[in-house]
1. Pick out, in residue order, every one of the chymotrypsin sites (Phe, Trp or Tyr not before Pro) in the range 59-101 that is DSSP loop and has at most 13 other C-beta atoms within 10 Å; say none if there are none.
2. I'd like the trypsin sites (Lys or Arg not before Pro) in the range 57-115 restricted to DSSP loop residues with at most 12 other Cβ atoms within 10 Å, sorted by number.
3. So how much slack lies between residue 35 and residue 81, counting 0.36 nm per residue of separation and subtracting their Cα-Cα distance, in nm?
4. Which whole-Hz couplings ³J(HN,Hα) result when phi for each residue of the range 112-128 is put into the Karplus expression 6.51 cos²θ - 1.76 cosθ + 1.60, θ = phi - 60°, listed in order with x for Gly and Pro?
5. As an exercise, identify the GluC sites (Glu not before Pro) in the range 1-80 lying in DSSP coil whose Cβ has no more than 16 other Cβ atoms within 10 Å.
6. Could you work out how much longer the chain between residue 28 and residue 136 gets when fully extended? Use 0.36 nm per residue separation minus the Cα distance between them, nm to one decimal.
7. So how far, in whole Å, is the C-alpha centre of the range 88-139 from the one of the range 1-67?
8. Compute the FRET efficiency between residue 9 and residue 47 as 1/(1 + (r/R0)^6), taking r as their Cβ-Cβ distance and R0 = 22 Å, and round to the nearest 0.05.
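Each value in this text was obtained by applying a stated rule to the coordinates, not by laboratory testing. Just so you know, these numbers come straight off a predicted model, no measurement behind them. No Cβ is skipped: glycine too gets one built from the backbone with ideal geometry, and neighbour counts run over all protein chains shown.
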Amino acid sequence: MARLDEVLAEYKDKPGALIPVLQIAQGIFGYLPENVLKRVALSLGKSYSEVAGVVSFYAFFSTQPRGKHVVRVCLGTACYVRGGKQVLEAMRKELGIDVGETSPDGMFSLEVARCFGACGLAPAMCVDEEVYKRVRPARVREILDTYYPGKARKEAASARPASARGRKPAAKRATSTRASAKKGAKVHG
């Protein structure tokens with residue numbers, strides 16, 4: 001909280017300080033718990049409902065702890081038409097969570113995006129800064145597996161009931177991935 005108090009002191013009398021302070025606070029804590037929102041409100045002379053309203057309005061802010069990796073599935077027009085909704089459903093089943101939630105092992109948070117600017121590569125999704133193009137529901141598990149060191153993924157998956165996993169045996173999954181760089185982000189497809 002000491003770092004947050006420093007930030008609040010720096011921004012206290014600056015107009016338009018709320019959003020920058022919330023961004024910094026989320027950077028410090030990884031999310032915005034209620035006690036942080038109350039402290040921000042008190043320090044900036046705002047009501048708690050105003051601060052909480054800003055946090056709930058902007059998708060960037062989270063009041064729940066986020067996973068080590070943030071998965072975003074695009075549901076912009078091109079991605080939606082080309083199967084983005086099915087990719088999202090496969091991701092929900094694979095992780096055992098819904099949009100806005102974090103996996104029980106703390107590895108992934110699931111979000112929806114409206115456009116990555118990769119409409120010609122639809123459907124697209126990203127994990128952190130890595131963009132995956134022309135994603136098919138059958139590739140979801142393969143993509144997630146690359147973020148688990150060693151056997152951790154298999155152990156985490158086996159801890160969930162089979163009904164929550166809902167996937168094909170390993171021998172039947174595709175395993176090839178091409179990668180190319182595009183504007184600083186890794187693009188897979």
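1. 60
2. 114
3. Full extension of this stretch gives 12.4 nm more.
4. 10, 10, 9, 5, 9, x, 10, 4, x, 10, 5, x, 10, 8, 9, 10, 6
5. none
6. Contour length minus Cα-Cα distance gives 35.3 nm.
7. For the range 88-139 versus the range 1-67, the Cα centre distance is 27 Å.
8. According to the calculation, E is roughly 0.60.
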